[in-house]
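The values are calculated or read from the model by the stated rules, or taken from the named source; none is laboratory data. None of the values given here were measured: they were computed from a predicted structure. Don't worry about glycine lacking a Cβ; one is built from the backbone with ideal geometry, like all the others, and counts go over all protein chains shown. Each accessible area value is taken on the protein alone, full model and side chains, heavy atoms only, with ligands, DNA and RNA left out. Shrake-Rupley method; radii C 1.70, N 1.55, O 1.52, S 1.80 Å.
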Amino acid sequence: MSTSKLFEPTKLGPITLANRIAMAPLTRNRAIPDGLIPSPLAPEYYGQRATAGLLITEASQVSQQGQGYQDTPGIYSDAQIAGWKKVTDEVHKRGGKIFIQLWHVGRISHVDLQPNGGKPVAPSAIKANTKTFVGGKFVDVSEPRALELSEIPGIVDDFRKAAANAIKAGFDGVEIHGANGYLLDQFVRDSSNKRTDQYGGSIENRARLMIEVATAVAKEIGPERTGIRISPVTPANDVSDSNPQPLFDYITDEFNKLKLVYIHVIEGATGGPRDVAPFDYASLRKRFNGTYIANNAYDRALADQHLASGAADLIAFGKPFISNPDLVERLKLNAPLNEGDRNTFYGGGAKGYTDYPTLESAQAAQ
């Protein structure tokens, strides 16, 4: 039997990962509402999953304006930094490595979450046909307003400060959220960006904000600690682009010039079909000298195939990690996986968060 590359140690910039398995960011809506501080259960939740080569946390907003769903944690206050420090300490104690995902949701928000009940911000004042999670239920997102040119440097600086805070909190690095129809993705896609200034129109202009954010973060904490997530063809959160290949080829070339440590690529529709639209991911792989993390609907067989062929360096698994804290061990043994309880994915306490059994505990209980 050939050995799987999935379980080999590998380098990610200056750090050594125990294997080529990444835990993808998974929004769980369990932050303490007062202050949006990571849940007291978060150190245990991430610690249980520290056997993954790389843990990437749930998306964490870089400012209050960047929040789009109830009870998601931030990384802009001292209390939030202290809360995340407990998480990184626990993960490191268990031998793991952890990056935090930094996000600004842009128009995927609601007035109830915004400073002074203001409108969410976007590249253009176009409302997304999607819902958000507020007040314990899913509701339509609010009408956004277009960002003024004078506001854009402040957004870049919010990402820079959040990255500095992440390092203070003990993270090994950060992942910029440039995917899934959130603010940076809204700027790059021509369905959501109708601007006529230097942030709209051409590929270079639409990519400008994403590149500026990546540049500022890499300068603040080092490119070797800076990754970014993209989703070239996902329709998530009502975005699309009329010609994604040249757009994301250009963006990847720019990331390569910055020497970012990784690109984390959602191949296909987020949480949906991999073949939702034609796209040449090998083109991104060729253009980027850093680590390529592949994501979307991977199982052990597909992961083995893509690692063996050199199509990817790391494979990110999402939902299976919710219900399988010992997913690495289960994949290694080709053991059955726990089914996830969708009713406890978003919000709540320990149930469906820290109480899923490992193989070992399930066998001991028999």
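Here's the picture: charge each Lys and Arg Cβ at +1 and each Asp and Glu Cβ at -1 in the chain, and of Gly95, Ile176, Ile266 the one pushed furthest to the positive end of that dipole is Gly95. Return the FRET efficiency for the residue pair Asp78, Glu151: r is the Cβ-Cβ distance, R0 is 25 Å, and the value is rounded to the nearest 0.05. Once rounded, the FRET efficiency stands at 0.50. Principal axis extents of the C-alpha atoms in segment 1-114 (largest first, rounded to whole Å): 56, 28, 24. Cross-link partners for Lys194 among the lysines, with Cα-Cα distance under 25 Å and sequence neighbours closer than 8 places in the same chain left out: Lys119, Lys127, Lys131. Label positions at Thr16 and Ser191, each projected 7 Å from the Cα along the C-beta direction, are separated by 4.5 nm. Compute the distance from the alpha-carbon center of segment 328-363 to that of segment 141-168, in whole Å. Segment 328-363 and segment 141-168 have Cα centres separated by 35 Å.
What is the sum of charges, Lys and Arg at +1 and Asp and Glu at -1, for the other residues whose Cβ falls under 13 Å from the Cβ of Ser109? Combined, the nearby Lys, Arg, Asp and Glu give +2. Each peptide in 352-365, 74-87 was scored by the mean count of other Cβ atoms within 10 Å over its residues; highest first, the order is 74-87, 352-365.
Between Asn243 and Lys332, 0.36 nm times their residue separation minus their Cα-Cα distance comes to what? Can you show the working numbers first?
Numbers: separation 89, 0.36 × 89 = 32.04 nm, distance 3.93 nm.
Extra length available between Asn243 and Lys332 comes to 28.1 nm.
For Ala18, the shell of other residues with beta-carbons less than 14 Å away shows a net charge of +3, using +1 for Lys and Arg and -1 for Asp and Glu. What's the local net charge at Arg30, with K and R +1, D and E -1, over the other residues with C-beta under 10 Å away? Once positives and negatives cancel, what remains is -1.
Mind checking Rg over Rh on the chain, alpha carbons, Kirkwood formula for Rh? Intermediate results must be reported in sequence, preceding the final value.
On the way: Rg = 19.3 Å, Rh = 20.5 Å.
Here the Rg-to-Rh quotient is 0.94.
Per residue, the convex hull spanned by the Cα atoms of segment 231-293 measures out at 83 cubic angstrom.
When Rg and the Kirkwood radius Rh are both evaluated on Cα atoms of segment 157-211, their ratio Rg/Rh stands at 1.09. Diffusion coefficient (Stokes-Einstein, Kirkwood radius over C-alpha pairs, 10 °C, 1.306 mPa s) for segment 9-68: 121 µm²/s, rounded to a whole number. Using the 1.4 Å probe convention, the accessible area of the chain works out to 39 Å² per residue with neighbouring protein chains retained.
Here Phe133 sits with roughly 20 square angstrom of accessible surface, probe radius 1.4 Å. Distance between the pseudo-spin-label points of Asn129 and Gln363 (7 Å out from Cα toward the beta carbon): 5.1 nm. Straightening the chain between Arg94 and Asp341 buys 86.3 nm, computed as 0.36 nm per residue apart minus the Cα-Cα spacing. Express the carbon and sulfur contribution to the solvent-accessible surface of the chain as a percent, rounded to the nearest whole number, probe 1.4 angstrom. Using a 1.4 Å probe with all protein chains present, the chain comes out at 51 percent carbon and sulfur. The per residue volume of the convex hull around the alpha-carbon atoms of segment 250-366 is 138 Å³.
Modelled spin-label separation between Ala308 and Phe7, with each label point placed 7 Å from Cα along the Cα-to-Cβ direction: 1.6 nm.
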